[in-house]
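A short write-up of the structure that comes next.
The values are calculated or read from the model by the stated rules, or taken from the named source; none is laboratory data. None of the values given here were measured: they were computed from a predicted structure. When we count neighbours, we look across all protein chains shown, and the Cβ atoms used for this are built from the backbone with ideal geometry, even at glycine. The area values use the complete protein model at the heavy-atom level, side chains included, leaving out ligands, DNA and RNA. Shrake-Rupley method; radii C 1.70, N 1.55, O 1.52, S 1.80 Å.
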Amino acid sequence: AQKVTQAQTEISVVEKEDVTLDCVYETRDTTYYLFWYKQPPSGELVFLIRRNSFDEQNEISGRYSWNFQKSTSSFNFTITASQVVDSAVYFCALSEARGGSYIPTFGRGTSLIVHP
Amino acid sequence: AAGVIQSPRHLIKEKRETATLKCYPIPRHDTVYWYQQGPGQDPQFLISFYEKMQSDKGSIPDRFSAQQFSDYHSELNMSSLELGDSALYFCASSYGQGAYGYTFGSGTRLTVV
């Protein structure tokens, strides 16, 4: 079973539109971490945010905001006023303890295409 | 700030050849992780090391092996390469076995022909 579900395979928007990328996770742990990474066409994985399971405060960073809701096991990511440079694949990841380490498990990614 | 360094950036090998990928973690990071990302796929965890010892194992084929050296750099050795091994291989490093987050390298793109 997929531990991290990103139901949206691809989203296409026009520049300046707001867009929300969904992420639903599954875990039995009480301590875990959630991440979002951006993968532009060049291929590198760019860290966007890390959230631990005890911190449900939403966060805003410029045009990016994240909504963490433990009640629905969701960690959604919103880009406000999207730009062409936001075009990339976005991965949500869940990190749970395995033995002594926390190992991130990625969702299948959402490809965001922002048209000018 | 220093990042995770992976070498080489690109590698082309023929079937049945061997390949060695290298990863240099951020200074003072004690944990290294290897991931494989096939075309259009999400990164899949292969193996991790903490303080030079293997700490966890994912979907790493038996043809692959890895180790972490005394200077904390890590190498992924891949033998009897198959076409399906063509992928982007990421290394990530962390301090404290991942409790404080991870930094990924830029990846090594391996093409097997």
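Hey, can you tell me all the residues within segment A:79-116 that are touching a residue at least 40 places away in the same chain (Cβ under 8 Å) and among the basic types (Lys, Arg)? Residue satisfying the conditions is A:ARG108 alone.
Any residue at all in segment A:97-105 that is away from chain B (no Cβ under 14 Å) and assigned to a strand (DSSP E or B)? No.
Restricting to segment A:44-65, what's the tally of residues that are among the small types (Gly, Ala, Ser) and modelled with pLDDT under 90? So the count comes out to 1. The residue list A:THR5, A:THR20 contains one member that is among the hydroxyl-bearing types (Ser, Thr, Tyr), within 13 Å of another protein chain (Cβ to nearest Cβ) and open to solvent by 10 Å² or more (accessible area, probe 1.4 Å), which is A:THR5.
So, of the residues in segment A:1-30 that are outside any loop (DSSP other than H, G, I, E, B) and closer than 25 Å to B:GLY38 by Cα, which turns out to be nearest to the chain's Cα centre (by Cα)? Break it down into steps so the answer makes sense when it comes.
Within segment A:1-30, the first condition is being outside any loop (DSSP other than H, G, I, E, B), and the residues that meet it are A:4-5, A:10-14, A:19-21, A:24-25.
Right, trim to closer than 25 Å to B:GLY38 by Cα and you get A:4-5, A:10-12, A:21, A:24-25.
Working: A:VAL4: 10, A:THR5: 10, A:GLU10: 14, A:ILE11: 14, A:SER12: 17, A:LEU21: 7, A:VAL24: 9, A:TYR25: 11 Å.
Only one residue tops the list, namely A:LEU21.
Scanning segment A:31-60 for residues that are away from every other protein chain (no Cβ under 14 Å) and among the polar types (S, T, N, Q), we see that the one that is nearest to the chain's Cα centre (by Cα) is A:ASN58.
In the set (1) at positive phi; (2) out of contact with any Gly (no Cβ under 7 Å at 6 or more places or on another chain), A:GLY43 fails one condition alone, (2).
Restricting to strands (runs of 3 or more DSSP E) lying wholly in segment B:14-88: which have 1 or more residues that are closer than 24 Å to A:VAL89 by Cα and open to solvent by 10 Å² or more (accessible area, probe 1.4 Å)?
B:31-37, B:44-50
Output the residue which, of all residues in segment A:106-116 that are part of a strand (DSSP E or B) and open to solvent by 50 Å² or more (accessible area, probe 1.4 Å), is nearest to B:LEU46 (Cα to Cα). Result: A:ILE113.
Counting the residues of segment A:31-43 that are assigned to a loop (DSSP other than H, G, I, E, B) and surrounded by 16 or more Cβ atoms within 10 Å (Cβ to Cβ) gives 1.
Can you tell me which residue among B:SER55, B:SER80, B:SER74 is closer than 27 Å to A:GLN2 by Cα and either in contact (Cβ under 8 Å) with a residue 12 or more places away in the chain or of a type in the set (Val, Ile, Thr) (or both)? The unique qualifying residue is B:SER55. Of the numbered criteria (1) within 16 Å of B:SER7 (Cβ to Cβ); (2) touching an Asp or Glu at 6+ places or on another chain (Cβ under 8 Å); (3) open to solvent by less than 10 Å² (accessible area, probe 1.4 Å); (4) among the hydroxyl-bearing types (Ser, Thr, Tyr), the one B:SER106 fails is (3).
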